[in-house]
Amino acid sequence: MPEKIKFFIDGKECLAERGQTIYEAAKANGVYIPILCHFEGLKPVGSCRICSVRVNGRWMASCTQPVTEGMMVENQTPEVEEYRKAIIEMLFVEGNHFCPTCEKSGNCELQALAYRYQIMVPRFPYLFPRKDVEAFPTFLLDHNRCVQCRRCVRAIETKDGRKIFAMKNRSGQVRINVDRKLAAKMSEEEAQKAMEICPVGAILKKEVGFKVPIGKRKYDFKPIGSEIEEKSEGVKNE
Ligand code: FES
């Protein structure tokens with residue numbers, strides 16, 4: 001059997017497979033680290049920094065950083081949690097997130113993170129940027145809610161491997177660009193997949209709305225991260 005790597009998260013002894021990232025190993029050990037740009041099965045890009053941890057005093061993105069022997073990871077310390085909370089607040093003020101009327105409310109990872117971090121009023125001023133909504137035959141792209149996580153860029157492509165979504169511009173002007181010709185050929189299933197891979201309500205499948213009522217959706221019942229933490233509770237109680 002391959003040798004396991006021993007490391008620590010907030011003082012808890014954990015074991016990792018060689019090559020696992022801190023995020024993957026934490027999850028396998030029943031420790032929740034929040035993620036937003038990362039998605040299981042996609043190559044991590046480390047762009048949102050929600051998953052930041054401190055390792056031996058240095059900030060690192062846990063979704064890209066591999067575990068090494070004896071690593072001391074700070075995950076749920078007040079400093080780390082405050083850092084993540086500030087990032088979530090920035091994402092809210094940088095866009096226009098109209099949660100109460102959003103089709104994704106209750107299934108939205110950003111909204112669920114805001115609840116987990118008990119965000120009431122962001123400490124930063126709202127920017128109210130002017131953003132548009134684009135319509136395609138099977139889906140809508142609402143730039144007001146896009147957090148530039150690039151999940152759609154990495155996950156959605158045609159059968160022959162061509163990208164439908166791409167990043168355009170830089171810095172504050174960065175936005176998702178859609179290949180209109182390819183998007184016009186997207187099936188209902190592909191539009192559904194794009195909607196599901198989007199952590200917020202930026203990509204919405206057309207002609208289906210509120211099929212599951214607000215109040216009966218994924219995070220309406222269980223806070224984000226609870227499925228990982230509950231597993232760890234189960235291990236402790238066995
Ligand atoms: Fe790790 Fe976004 S989830 S940087």
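The values are calculated or read from the model by the stated rules, or taken from the named source; none is laboratory data. As the structure is a computational prediction, the values presented were derived from the model and not from experiment. Because the Cβ atoms are built from the backbone with ideal geometry, glycine has one as well, and the counts that use them run over all protein chains shown.
Could you tell me which residue of the stretch 42-85 is modelled with the highest pLDDT, considering only residues that are at positive phi and either away from the ligand (no atom under 14 Å from the Cβ) or among the β-branched types (Val, Ile, Thr) (or both)? Explain how you work it out, then say what you get.
Going through the stretch 42-85, the residues at positive phi turn out to be 46, 49, 56-57, 70.
This time we only want the ones that are either away from the ligand (no atom under 14 Å from the Cβ) or among the β-branched types (Val, Ile, Thr) (or both), so: 56-57, 70.
Details: ASN56: 89, GLY57: 90, GLY70: 96.
Filtering the stretch 42-85 for residues that are at positive phi and either away from the ligand (no atom under 14 Å from the Cβ) or among the β-branched types (Val, Ile, Thr) (or both), the one modelled with the highest pLDDT comes out as GLY70.
For the list (1) closer than 18 Å to ILE214 by Cα; (2) modelled with pLDDT of 95 or more; (3) among the hydroxyl-bearing types (Ser, Thr, Tyr), I need the number of the one condition that THR101 fails.
The one condition THR101 does not meet is (2).
Quick check, is ILE35 within 16 Å of the ligand (Cβ to nearest atom), hydrophobic (A, V, I, L, M, F, W, C) and either surrounded by 13 or more Cβ atoms within 10 Å (Cβ to Cβ) or in contact (Cβ under 8 Å) with a residue 40 or more places away in the chain (or both)? Quick ask: steps written out before the conclusion?
Details: within 16 Å of the ligand (Cβ to nearest atom): yes; hydrophobic (A, V, I, L, M, F, W, C): yes; either surrounded by 13 or more Cβ atoms within 10 Å (Cβ to Cβ) or in contact (Cβ under 8 Å) with a residue 40 or more places away in the chain (or both): yes.
So ILE35 fits the description; yes.
Pick out the one residue from MET71, MET60 that is under 30 Å from HIS143 (Cα atoms) and surrounded by 17 or more Cβ atoms within 10 Å (Cβ to Cβ).
Within the list MET71, MET60, the selection yields MET60.
Any residue at all in the stretch 27-36 that is in a helix (DSSP H, G or I) and closer than 30 Å to LYS193 by Cα?
Yes, that holds for at least one residue.
Taking the stretch 131-176 as the region of interest, how many residues are surrounded by 15 or more Cβ atoms within 10 Å (Cβ to Cβ) and polar (S, T, N, Q)?
Selection size over the stretch 131-176: 3.
Select from the stretch 15-25 the residues that are within 12 Å of the ligand (Cβ to nearest atom) and part of a helix (DSSP H, G or I) and list them in ascending order.
Once the filter is applied, which keeps residues that are within 12 Å of the ligand (Cβ to nearest atom) and part of a helix (DSSP H, G or I), the stretch 15-25 yields ILE22, TYR23, GLU24.
Which pairs have Cβ atoms under 9 Å, sit 6 or more apart or on different chains, and link a residue in the stretch 63-82 that is more than 14 Å from ILE35 (Cα to Cα) to one that is charged (D, E, K, R) and within 16 Å of the ligand (Cβ to nearest atom)?
Listed by first residue and then by second, the contacts come to VAL67/GLU24; MET72/ARG54; VAL73/ARG54; GLU74/ARG54; THR77/ARG54; GLU79/ARG54.
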